[in-house]
Amino acid sequence: MSTLHSSVKVGPYTFAHRVVLAPLTRMRAEPGAKPGPLMAEYYAQRASEGGLLIGEATIAAANGNGYLGAPGLFEDSQIAGWKRVTDAVHAKGAKIFLQLYHAGRQSNIDVQPAGSIPVGPSEILHGGVAYTTEGWVPNTPNRALQIDEIKALVESFRTAAERGIKAGFDGVELHGANGYLVDQFLQDNSNKRTDSYGGSIENRTRFLLEVTQALISVWGSDRVGVRVGPSGTWGDMGDSNPEVLFSYVAQQLAPLNLAYLHLIEPRILGNIEDENANPAPIAAQLMRKHYKGTIIAAGGFNGESAEAILQAGDADLVAFGRHFIANPDLPERLRQNLPLNAYDRPTFFGGTEVGYTDYAFHAVAATA
Ligand SMILES: Cc1cc2nc3c(=O)[nH]c(=O)nc-3n(C[C@H](O)[C@H](O)[C@H](O)COP(=O)(O)O)c2cc1C
């Protein structure tokens, strides 16, 4: 039997295999950032007996969105829709962690409350796009957060995490990668603050650690995961010394007894291959030196390379994004070494059930 299909402990849970559904923004939520029945069906399809799913980036504060159609937990009215999702996942014998995010400067005025300006650590223009009622449009230049607003955001993450319990999740993951707010604080090309949240590596890591502690205060440390993208450049990101920065992050998280540390390999830029990057999984290798707890590796894995990183000991589980979009029964396909459906990029973000819940299961594919 492969290591990928051997059991593993994550926090208080034991999973039957190590194939994790990566967090995947699909922008199919109903108005009000509420998950509807279609989302429940999508997650239930990907829930395998004894598997771990990580929910898509879920908006933690009213000013935290960058994508129309992304779900939230910044209001109580969003709890019921998520409960439908978690119930459907549990009925299949799987567990699901909530991923909380704040888009920070990766946003547009159109998806902000009452047309306010997006916020970030510093006022720095960058070139990304947001998804609005007008489709994909350039991000609106952001303003810098005041200190009291930063404290209020930590509190928003805490209350969103509380709603996550009411919604029936099994744990919570902080999205600290892909150029969203937490990452914007971490990396020094987006953080030019001169107060206690900017400058030194210790100061730039402060927001991540404060939010992590807020999540721990709600869930207990062994049900909290943190996702970072060491050397990630997607979203106009960059750091003058990423190896030192992310090593420090791992060292700070190591003693917290978290459920896991979730790493994205820099060979993937958001959701596409970076042809110029090192093709080897270097992030997990680097972070393992500083982090002996459970590591989930993500970014560009197939069955073979997932098995290799587990056997090398640099990760304990592997999260799959694009392959899991196209293969609802991915754990079983990898177990049996079955061919994989190809993913359809144009239907990744927004739309209907097409490219969402209509990918074939292998038994169906075999008879089609
Ligand atoms: C459609 C799509 C949406 C994504 N949304 C999120 C997200 O909400 N949160 C997150 O942390 N990463 C997100 N990612 C990144 C994936 O979790 C993953 O890191 C990336 O796809 C690389 O893994 P893969 O090579 O297995 O696809 C997204 C990727 C794709 C393709």
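The values are calculated or read from the model by the stated rules, or taken from the named source; none is laboratory data. All figures in this text were calculated on a predicted structure; none of them were measured in a lab. With ideal geometry, Cβ positions are generated from the backbone for all residues, glycine too; neighbour counts draw on all protein chains shown. Please note that ligands, DNA and RNA were not included when accessible areas were found on the heavy atoms of the full protein model with its side chains. Shrake-Rupley method; radii C 1.70, N 1.55, O 1.52, S 1.80 Å.
Think of the stretch 249-357 as a dipole: +1 on every Lys or Arg Cβ, -1 on every Asp or Glu Cβ, centred on the Cα centre; then among PHE324, PRO339, LEU258, LEU258 lies furthest on the positive end. Taking θ as phi - 60° and the Karplus parameters 6.51, -1.76 and 1.60, the scalar couplings of the stretch 84-99 work out to 4, 5, 5, 4, 5, 5, 5, 4, 8, x, 10, 10, 9, 9, 7, 9 Hz in sequence order, x denoting glycine and proline. Under the convention that each Lys and Arg Cβ holds +1 and each Asp and Glu Cβ holds -1, the size of the dipole of the stretch 208-277 around its Cα centre is about 340 debye.
Distance from the C-alpha centroid of the stretch 290-354 to that of the stretch 167-218: 26 Å, rounded to the whole angstrom. Residues whose amide H comes within less than 5 Å of that of GLY270, counting only those at least five positions distant or on another chain, are TRP234 (H built at 1.01 Å from N in the peptide plane). For the stretch 187-201, putting each phi into the Karplus relation 6.51 cos²θ - 1.76 cosθ + 1.60 with θ = phi - 60° gives couplings of 8, 7, 7, 10, 10, 10, 5, 10, 9, 6, 10, x, x, 5, 4 Hz, in residue order, rounded to whole numbers and with x for Gly and Pro.
Summing Lys and Arg as +1 and Asp and Glu as -1 over all other residues whose Cβ lies under 13 Å from the Cβ of THR352 gives a net charge of -3. Each part reduced to its alpha carbon centroid, the stretch 13-80 and the stretch 87-113 end up 5 Å apart.
Ranking GLY299, SER247, ILE282 by how far each Cα lies toward the positive end of the dipole of the stretch 234-311 (charges on Cβ) leaves SER247 at the top. Local charge for ALA284 was computed over the other residues whose Cβ lies under 9 Å away, with Lys and Arg +1 and Asp and Glu -1, and equals -1.
What does the net charge come to around GLY164 if you take all other residues with beta carbon closer than 11 Å to its beta carbon, with K and R at +1 and D and E at -1?
In short, +2.
Could you order peptides 142-154, 211-223 by the average number of other Cβ atoms within 10 Å of their residues, highest first?
Descending mean neighbour count gives 211-223, 142-154.
The charge dipole of the stretch 67-110, taken about its Cα centre with unit charges on the Cβ of Lys, Arg, Asp and Glu (plus for the first two, minus for the last two), comes to roughly 260 debye. Kirkwood-type hydrodynamic radius, the chain: 20.3 Å, calculated from all non-identical alpha-carbon pairs.
Using a cutoff of 8 angstrom between alpha carbon atoms and counting only pairs six or more residues apart, the relative contact order for the chain works out to 16 percent.
Surface composition of the stretch 179-264: carbon and sulfur atoms hold 47% of the protein heavy-atom accessible area at a 1.4 Å probe.
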